Amino acid sequence: MTTLEHVLPADIEKTSFSIIARELFESGIKIPEELAPVIMRVIHTTADFEYASTLKFSPNVLEIIKSAIRSGADIVTDTNMALSGINKKALGQFGGEVHCFMADEQVAAEAKRRNLTRAAVSMEKASQLPKPLVFAVGNAPTALVELCSLIESGFSPVAVIGVPVGFVNVVAAKEMIMSTEIPYIVNEGRKGGSTVAAAICNAILYELAKRS
């Protein structure tokens, strides 16, 4: 039987990150210092060390996102789970908000009328917001496909965090985002999810909070 460790509640996260750092070192996995807060928080959220190699970052994407958030950019996500998970208080300190239009009645009606997914239509609606936008997609590859279409039509988000999970068009949609000129954080392959999208956003927000 495995022996339980006695860890104070306030020390659980710190201890978890220490374990992650040790196991990465023991496995010979080296993470660039500037990417470590994001990658380690995703591993902390998922207990999956594969993210150390599958998370892909376009050049300077973290600084691009941080600069936009400092200037009041908003975050748009494709699930209410990610909406709940992203630290809205931390984002609000910089004047930003988190949006999710998946439960919007107009989005639902329009999606039904056009035989599209609500995720796709919610990206259309979000693109009309008047502020700089960071998109965090954790569930629907159709959201990424629609973002690519919008980008081709001239829409220019700050960045796209593309980590949908699943089996249908997930890999192709991620590859489409990485082929655009828009800064991105993408997890290659089928893995991802709303918790991963939220973890990436929070890692960035917590790093900003340290330096504000």
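Could you point to the residue in ILE75, GLN106, ALA120 farthest towards the positive end of the stretch 39-178's charge dipole, with +1 and -1 charges on the Cβ of Lys/Arg and Asp/Glu respectively?
Result: ILE75.
Using a Förster distance of 45 angstrom, determine the FRET efficiency expected from the C-beta separation of GLU97 and GLU26, and round it to 0.05. Please list the in-between numbers first.
Working: r = 41 Å, r/R0 = 0.91.
Using R0 = 45 Å, I get an efficiency of 0.65.
In nm, to one decimal, how far is the SER53 label point from the GLU13 one, both placed 7 Å along Cα→Cβ?
2.9
Just from its helices, what would the mean residue ellipticity at 222 nm be for the chain, if runs of 4 or more DSSP H residues each count -39500 (n - 2.57) and the sum is divided by every residue, rounded to the nearest 500 deg cm²/dmol? Could you put the intermediate results ahead of the total?
Working: 11 runs with 109 residues, N = 212.
Roughly -15000 deg cm²/dmol at 222 nm, from the helical runs in the chain.
Taking 0.36 nm per residue of sequence separation and subtracting the Cα-Cα distance, how much length would be gained by fully extending the chain between ASP104 and HIS44, in nm to one decimal? Don't jump to the answer; show the numbers that get you there.
Details: separation 60, 0.36 × 60 = 21.60 nm, distance 3.18 nm.
Using 0.36 nm per residue and subtracting the Cα-Cα distance, I get 18.4 nm.
Mind checking which of SER27, SER149, SER127 has the largest fluctuation in a GNM of the chain, springs on alpha carbons under 10 Å?
Highest fluctuation among the options: SER27.
Let's see if you can work this out: charge +1 on each Lys and Arg Cβ, -1 on each Asp and Glu Cβ, no other charges. What is the dipole magnitude of the chain about its Cα centre, in debye to the nearest 20? Walk me through the intermediate numbers first.
Details: 20 positive and 23 negative charges, 63 e Å.
Charge dipole, the chain, about its Cα centre: 300 debye, nearest 20.
Points 7 angstrom from Cα along the Cβ direction at ASN169 and ILE64: gap in nanometres?
2.4
When the Karplus curve 6.51 cos²θ - 1.76 cosθ + 1.60 is applied with θ = phi - 60°, which whole-Hz ³J(HN,Hα) does each residue of the stretch 52-69 get, with x for Gly and Pro?
Couplings: 4, 10, 9, 6, 10, 10, 6, x, 6, 4, 5, 5, 5, 5, 4, 4, 5, 5 Hz.
Rank by packing, highest mean first: peptides 29-39, 74-84, 177-187, with packing defined as the count of other Cβ atoms within 10 Å averaged across residues. Working shown, then result.
Details: 29-39: 15.2, 74-84: 23.5, 177-187: 19.2.
With the highest mean Cβ count within 10 Å placed first, the list reads 74-84, 177-187, 29-39.
Using a basic spin-label model with each label point 7 Å from the Cα along Cα→Cβ, how many nm lie between ASN80 and THR180?
So the label points at ASN80 and THR180 sit 2.6 nm apart.
Can you run phi through the Karplus equation (6.51, -1.76, 1.60; θ = phi - 60°) for the stretch 121-137 and list ³J(HN,Hα) in whole Hz, with x for Gly and Pro?
These are the phi-based 3J(HN,Hα) values: 5, 5, 5, 4, 4, 5, 5, 8, 4, x, 10, x, 10, 9, 9, 10, 9 Hz.
Against the longest principal axis of the chain, how steep is helix 141-152, in degrees 0 to 90 to the nearest 10, with axes from Cα atoms?
With both axes taken from Cα atoms, the answer is about 60 degrees.
For helix 194-211, what angle does its Cα long axis make with the longest principal axis of the chain, in degrees from 0 to 90 and rounded to 10?
Once rounded, one gets 70 degrees.
Each value in this text was obtained by applying a stated rule to the coordinates, not by laboratory testing. Given the structure is predicted, the values throughout are model-derived calculations rather than measurements. Every residue, glycine among them, receives a Cβ derived from its backbone with ideal geometry; neighbour counts consider all protein chains shown.
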